[in-house]
C-alpha cells in the first residue's frame, strides 16, 4: 500500500497543472507567455503513451550471455489504467520482442517501423477492455545494434569479459521495452542471472555468499543476483554491470567495486572522502534516503565521468588520479541522489534541473569541506569550460539556451553539452547572491527538494516554487533577466567570483606570454621560471594555467579573447613543459594530461601527434575523446581518421557515433 501511495503521488503530481499557478500566482510576463498549457510539459522524446498509465512497480528478470553478447529476459509492469486506454504503447530500440502478455494471457502486439532517433514503438493490443489494474509482461532480447550496452572481451579488461549499461538519455528502450521518459517513475525489483558478479542500481537482496563467490569462465556456471529499488526511479537511471568485480569498503555506508587490478588504487582514492561528502550534502539538503552509496569503477571505455545510478554510481577510471584530485566528480554524482534521482526533470528540454542543481550542490559540498575560495575556483573553471563548449558548438543558437526545445524529435544526445551543467549552476549561484547569500537561499533548497521529491517537473514549476517561496522578495526576482538566462543562446551574465586561487595562475600565464616574446631558448626561460612556480598548485590550478595559456576563453578581468600563437613561439612552449614537467608531462591526472596535449597541439609540436593518437586508445571518456579527435583533426586529418578507424570498436556506441559525427565520417 505504501509503494502504491508513493507511485500515485509521483504520477499525479507530474500530470497536474502547476498548483501555484492555479492559486493565482503570476510570474513575470516573459515567463508567463512561454508557460506550457500543462505542467509539467509533455516529453516528446518518447513514443510511449506514458500519460495513460501509472507504473506501480517494475520487475526485471534478466539473463546475461557473454558468449552471445546479449541480455534477454522479461519485464513485468504492474500498471494502473488512468484513462480507459485500449492499447499500451512502449518504447523500444533495436530490440527483439518475443512475446507479450496481460495478466498472464498472451496478447497481440506489433513493433512499428523505426523512427530515428527515437526507435520503434511497441503497440500492445488487448482482446478485451483493459482493466483498471493489470500486469503487462514482455519477453525480449537485445541485439547486436544495442546502444544501451557495451560488451568488452577479456583483452579489453583485466582478463575477463565485462558488460555495462549506459541508458541516459533515451537508451533504456534499447535494453528493455519501457516508458522511456523521466516523467514515468516506479519502484523496481531485478533478478539478474550471469556467470560473473553483477551490480545493479538498487540494494542487493542476495545472500552474501552468492554475491562474493568467485565465478568461472564457464557460461553455464551462473548465479542469480537479486536487487530491489524501493524509491521510484525512471528507466534511464537503471544501471547494470557484470564482470570480474570485487569490492572494498570506502566508508560506513559505501563500497567501491572494480576489477581486482584496480581495487587497491580505487580504495585509496576514495577512502574516507565519500562519507565526508555525504554528511556535507545532508547538512545542505536533508538526510540521504537511499541507504547505501557505492561506486563502480568501469573499464577504460566508459564514456562519461560518472552516471548517477541510484545506490551505485558508475564512474570512469580517469577519476583515479593517484592524488585524490578528481574525487569531486563523486561529489557531483552523490548530489544527484537529490537532484535528478529524487527530483527529476520531466523531459530533456529541462535537463538543467538535473545538472544545473547538481553542479551547484557539488560545489556547495566542496565549499563546505574546503572553503568558499575552493567553491569559487571550481565555478571559475566551470565558467571557462562553458565558454569552450559554446565556442566549439556547431549549432550554438539552438543548443546553448538553458531551456531546450527538442519537440521535433531531436536526439537528446545531440543537445548534450556543458550548458545545462554550468549555465544552470551559474544561475543558481546568481540567485543565491541576489536573494541574500547562503543563509537566505538554503531554506529554499530544502523546501524545493522536499516539495518535488519523487516527482518529475519542468522549469515553470521551479519558477512557481521560487516565486511562491520568496513572495516577500518578488521585487528582487523581477530584476532578473529571465529571457537572457533561460531562452537566449550564448554566455549568461558573468558571475562575481572570488579569484584568490586563480590570481597567481593568471599572473603566471601572463608572465609566460610576455617572456615568450623576448626569450629565445631554455636558458633564457630558466632565468625567469622554475619548477617551484607551480609546486603548490593543485591539479585544478594546473588545469586553469593550461586553459589560460591557450587563450580560448575570456580571462577573469577581461571580456575579450586575447589570442596568442604558440606555434610561432614553440621554444617557449617547450621550455614551459620542460620546467613544469612534474605537473604537466608526468601528470597522471587525465584533466591535466588532456590539456597538456592540447597545449602541445596549439604549439604545433608534431612529435606529439602520434602520442595523442596513442592516448586516445587508453581512454573512453567522451570529455577527452571527442575534443581529442577534433584537435588531431585540425593538424593531421589522416592520422585522426586512421586512428579512429583503428580504435572505434573499443569505444562505447554513443561515443563512437559522436566522434564519427565530429570527424564528418
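Any read-out appearing in this document is the output of simple, stated calculations on the displayed coordinates, not a laboratory observation. Note that the structure is predicted; figures quoted are calculated from it, not measured. Because the Cβ atoms are built from the backbone with ideal geometry, glycine has one as well, and the counts that use them run over all protein chains shown.
Can you list the equivalent-ellipsoid semi-axes of the stretch 49-234, largest first and in whole Å, using the square root of 5 times each Cα gyration tensor eigenvalue?
Numbers: eigenvalues 177, 68, 42 Å².
The equivalent ellipsoid of the stretch 49-234 has semi-axes of 30, 18, 14 Å.
What does the highest-first list of 173-186, 123-136, 280-293, 247-260 look like by mean Cβ count within 10 Å? It would help to have the intermediate numbers written out before the result.
Details: 173-186: 27.9, 123-136: 14.8, 280-293: 16.7, 247-260: 18.9.
So the peptides 173-186, 123-136, 280-293, 247-260, ranked by packing, come out 173-186, 247-260, 280-293, 123-136.
At q = 0.21, 0.25, 0.29 Å⁻¹, what is the base-10 log of I(q)/I(0) for the stretch 146-187 according to the Debye formula with one equal point scatterer per Cα and no solvent? Please give it to two decimals.
-0.69, -0.82, -0.96
Rank-order 270-277, 106-113 by packing density, defined as the average count of other C-beta atoms within 10 Å over each peptide's residues, highest first. Before the final figure, lay out the partial values.
On the way: 270-277: 18.8, 106-113: 13.1.
Packing proxy ranking, top to bottom: 270-277, 106-113.
Hey, could you get me the Stokes-Einstein D for the stretch 323-446, Kirkwood radius over alpha-carbon pairs, 10 °C and 1.306 mPa s, rounded to whole µm² s⁻¹?
Numbers: Rh = 15.1 Å.
The estimated diffusion coefficient comes to 105 µm²/s.
Mind pulling the angle between the C-alpha long axis of helix 539-550 and the longest principal axis of the chain? Nearest 10 degrees, somewhere in 0 to 90.
Roughly 70 degrees between the two axes.
Using alpha carbons only, how many degrees (0 to 90, rounded to 10) separate the axis of helix 260-270 from the longest principal axis of the chain?
Compared with the principal axis, the helix lies near 70 degrees.
From zero up to wherever the largest Cα-Cα distance of the stretch 380-419 sits, split into 5 Å bins and tell me the percent of pairs in each.
5, 24, 33, 21, 11, 4, 1
Which translational diffusion coefficient, to the nearest whole µm²/s, is obtained for the stretch 245-334 from the Stokes-Einstein equation, given a Kirkwood hydrodynamic radius over C-alpha pairs, 37 °C and 0.692 mPa s?
Values: Rh = 12.9 Å.
Stokes-Einstein gives a translational diffusion coefficient of 254 µm²/s.
Can you give the Kirkwood hydrodynamic radius for the stretch 315-368, in Å, rounded to one decimal and based on Cα pairs? Each step should come with its number before you reach the end.
Values: mean 1/r = 0.0849 Å⁻¹.
So the Kirkwood estimate lands at 11.8 Å.
Cα-based Rg of the stretch 500-662 per 2.2 N^0.38 Å, rounded to two decimals?
Values: Rg = 16.4 Å, N = 163, 2.2 N^0.38 = 15.2 Å.
Expressed relative to 2.2 N^0.38 Å, the Cα Rg reads 1.08.
Between helix 419-434 and the chain, what is the angle of the helix's C-alpha long axis to the longest principal axis, kept within 0 to 90° and rounded to the nearest 10?
Helix 419-434 and the main axis of the chain meet at about 80 degrees.
Take the eigenvalues of the Cα gyration tensor for the chain, scale each by 5, and report the square roots as semi-axes in whole Å, largest first.
On the way: eigenvalues 339, 192, 105 Å².
One finds semi-axes of 41, 31, 23 Å for the chain.
Give me the one-decimal nm value for the distance between modelled label points at residue 507 and residue 479, 7 Å along each residue's Cα-to-Cβ direction.
Going by the 7 Å Cα→Cβ label model, 3.3 nm.
Using only alpha carbon pairs under 8 Å that are at least six residues apart, calculate the relative contact order of the chain and give it in whole percent. Please report the intermediate quantities before stating the final value.
Numbers: 1289 pairs, mean separation 82.4, N = 665.
Relative contact order of the chain: 12 percent.
Work out the P(r) tail for the stretch 443-526: percent of alpha carbon pairs separated by more than 19 Å, whole number. If you can, show how the numbers build up before the last one.
Working: 2301 of 3486 pairs.
Considering the stretch 443-526, 66 percent of its Cα-Cα pairs are separated by more than 19 Å.
Using helices alone, I'd like the mean residue ellipticity at 222 nm for the chain: each DSSP H run of four-plus residues gives -39500 (n - 2.57), total over residue count, nearest 500.
On the way: 24 runs with 251 residues, N = 665.
Per the formula, -11000 deg cm²/dmol.
Over all distinct alpha-carbon pairs, what is the Kirkwood Rh of the stretch 268-404 in angstrom? Don't jump to the answer; show the numbers that get you there.
Details: mean 1/r = 0.0630 Å⁻¹.
Hydrodynamic radius (Kirkwood, Cα only) of the stretch 268-404 equals 15.9 Å.
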